[in-house]
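Following: one structure in structure tokens, then a few remarks.
Every number here is computed from the coordinates shown, using simple stated rules; none is lab data. It should be emphasised that the depicted structure is a prediction, and the values quoted were computed from it without experimental measurement. Reconstructed Cβ throughout: ideal geometry from the backbone, glycine too, with neighbour counts over all protein chains shown.
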């Protein structure tokens with residue numbers, strides 16, 4: 001499983017200058033000498049330097065500067081106060097890497113180019129900042145939350161080898177040989193191979209995989225490979241503000257970078273062969289696929305069957321069937337494994353142990369001019385869904401006719417396509433995104449559109465802002481406010497007078513009564529326009545939006561809705577979020593479920609244009625599972641749903657929501673939490689819409 005480093009390393013070196021340059025963006029210019037430790041134990045650097053196992057790594061640390069503008073080295077950084085996690089390759093591992101990279105024996109480490117030294121060292125170090133360094137007991141399958149010094153994620157996998165020995169694998173190939181070496185400023189984990197991280201873009205990384213020849217060729221021939229090459233927003237790098245204001249008006253650093261990211265769900269060659277009868281790739285002596293024309297003939301036929309209305313013969317035309325097939329595999333967000341589905345505050349979720357609760361869905365808009373949705377579902381630790389699955393459809397216990405209304409799966413109408421979190425010895429994280437192999441052919445057919453996506457659709461507003469997940473701000477493990485300037489988000493525009501602050505509540509802090517815990521707060525003379533996700537098919541829908549209520553915190557705002565983002569008409573009267581108690585009950589029709597028939601109470605609220613919060617998510621607690629749904633209790637009315645608009649909607653149209661402060665008081669908040677599209681056949685059915 002752990003193979004010898006091969007010719008891919010030579011390809012890595014071609015990109016070393018690029019990745020080193022990107023790394024320089026995120027480094028401080030100089031070590032603060034006042035932070036140097038006086039300690040009785042050893043620092044990370046002193047331990048490595050004195051060790052017979054890791055002295056070569058220590059030597060490279062002395063060679064690498066923190067940035068182009070700095071004379072300080074990483075060795076000095078790892079001698080200073082802090083919390084660092086270091087995956088240190090052994091001397092043998094570094095020698096093997098250099099010998100393979102430069103096709104020689106006993107390569108002289110003192111001749112190592114700066115770009116190679118930077119690649120080896122920066123990839124191996126995580127600055128945990130105010131958090132504790134990672135011990136092996138905190139590792140879980142997937143990506144570590146904190147990025148390394150080159151702003152890249154480090155992945156963790158587990159396996160057993162001959163004799164039943166349990167091993168931890170870092171970035172696909174590096175096995176931890178010595179774990180949890182605790183020092184005065186962090187933790188060292190010794191590894192038996194230099195950490196690999198691809199220096200390629202996502203399409204190039206897919207092309208490098210030894211089992212993705214067919215999908216890679218499809219990306220190239222359709223032109224989608226050229227649409228996923230952006231890495232960093234250079235305009236933002238040059239002109240972004242350095243400091244913004246937090247929720248209390250105090251200075252807070254603006255994001256230093258605005259990275260672009262992509263995620264691809266890819267069929268392996270074996271899936272194409274097994275499911276579609278595509279000919280297996282035939283290779284020349286030099287590893288070149290010789291029968292792509294034969295392969296493409298079958299792919300073309302299958303895609304025409306799947307997308308009969310895509311008539312163009314030009315593969316680069318989005319009205320071509322193959323092009324449409326490929327586009328439905330691509331998302332313009334860099335999603336780590338643990339962010340494909342957000343588990344937090346769903347009923348049964350345990351904030352103390354991070355055990356998942358009921359099934360959770362995530363909805364994503366795929367790339368291309370045809371705005372289509374992709375649904376990813378995961379249950380409690382993968383049970384009963386048996387992992388993360390694309391376009392799964394189940395029937396849940398959500399009605400009084402079932403013995404227990406608990407959102408358990410009654411039956412499964414479509415199993416869904418399984419997503420894998422590894423691809424053998426192939427890397428899956430590129431410079432600008434991730435790919436994940438899938439176990440079946442992914443098609444957007446009528447069943448997916450009408451059945452899988454044909455019900456009520458719900459989004460956390462954070463999921464509509466791709467930059468949050470791509471840049472590591474979506475659902476962090478530690479509470480830390482972050483603020484964003486106008487222009488940071490592709491799907492949201494706002495005035496410069498708008499203060500936009502994200503509060504990511506965590507298991508350690510508990511949570512406000514928010515969907516998925518976090519919340520976006522607006523202050524100032526806020527005025528913003530949000531691009532809304534599409535509906536799957538044409539029809540009559542309700543558009544619903546969370547409206548909080550608390551006189552001490554929130555203010556009054558006006559909603560606008562339509563398709564012309566520059567001239568959106570106002571909808572309804574301004575939303576006054578300052579009601580509480582009996583006044584709130586009068587306006588919204590709200591009452592405790594225990595005071596009558598819950599369905600009758602819901603009907604009365606709907607007549608006034610309101611709905612209680614969904615039952616799916618509950619009130620956060622730091623001591624155990626979530627057991628109290630959001631809709632229960634007076635305080636939870638702060639997050640009720642307002643039915644903002646009802647009408648005919650088309651999937652080909654783009655809709656926008658504008659939210660504007662109508663008060664002169666700029667310290668009153670507007671909270672963005674969640675939104676819904678709900679089709680008429682759900683909210684106006686013979687059986688009342690479920691509470692979940």
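One quarter of the convex hull surface built on the alpha carbon atoms of region 117-189 amounts to 5.4 nm², the projected area averaged over directions. Using C-alpha pairs under 8 Å with a sequence gap of at least 6, the mean separation divided by the residue count of the chain gives a relative contact order of 11 percent. For the chain, the longest principal axis of the Cα atoms and the long axis of helix 91-101 meet at an angle of about 90 degrees. A full extension of the chain between residue 108 and residue 406 corresponds to an added length of 100.8 nm, given 0.36 nm per residue minus the alpha carbon distance. What's the whole-number percent of alpha carbon pairs in region 195-311 lying beyond 23 angstrom? When all Cα pairs of region 195-311 are counted, 50 percent exceed 23 Å. Computed over region 433-497, relative contact order equals 23 percent, with contacts defined as Cα pairs under 8 Å that lie 6+ residues apart.
Measure nothing but the geometry: give the 0 to 90° angle between the long axis through the Cα atoms of 598-607 and the longest principal axis through the Cα atoms of the chain, rounded to 10°. With rounding to tens, the tilt is 80 degrees.
For region 392-479, relative contact order (Cα pairs under 8 Å, six or more residues apart, normalised by length) works out to 19 percent. From its DSSP helices (H runs of at least four residues, each -39,500 (n - 2.57)), the chain gives a residue-normalised ellipticity at 222 nm of -5500 deg cm²/dmol. By the count of neighbouring beta-carbon atoms within 10 Å, fewest first, 467, 294 end up ordered 294, 467. Taking each residue as 0.36 nm, the span from residue 595 to residue 665 lengthens on full extension beyond its C-alpha to C-alpha distance by 21.5 nm. What shape does region 454-546 take by its C-alpha gyration tensor, where a ≥ b ≥ c are the square roots of the eigenvalues and a/c under 1.5 counts as rounded, a/b above b/c as prolate, and the rest as oblate? Oblate is the answer for region 454-546, as a/c is 1.5 or above yet b/c matches or exceeds a/b.
In the distance distribution for the chain, Cα-Cα pairs more than 36 Å apart total 45 percent. Classify region 457-683 from the C-alpha gyration tensor, please: rounded if a/c falls under 1.5, else prolate or oblate depending on whether a/b exceeds b/c. Since a/c stays below 1.5, the shape of region 457-683 is classed as rounded. Hydrodynamic radius of region 279-412 by the Kirkwood approach over all distinct alpha-carbon pairs: 18.2 Å. Angle of helix 213-222 to the longest C-alpha principal axis of the chain, folded into 0 to 90 degrees and rounded to 10: 60°. From the square roots a ≥ b ≥ c of the eigenvalues of the alpha-carbon gyration tensor of region 402-507, which class results: rounded (a/c under 1.5), prolate (a/b over b/c), or oblate? Prolate, since a/c reaches 1.5 and a/b exceeds b/c.
For the pair region 170-202 / region 505-564, the C-alpha centres are spaced 41 Å from each other. Note on the chain: antiparallel DSSP beta bridges, both residues inside, total approximately 90 percent of the bridges counted. Going from the residue with the fewest nearby Cβ atoms within 10 Å to the one with the most, 347, 556, 431 rank 556, 347, 431.
The stretch between residue 477 and residue 317 holds 53.4 nm of extra length on full extension. This uses 0.36 nm per residue minus the Cα-Cα distance.
On the beta carbon distance between residue 282 and residue 441, with R0 = 22 Å, the FRET formula returns roughly 0.55.
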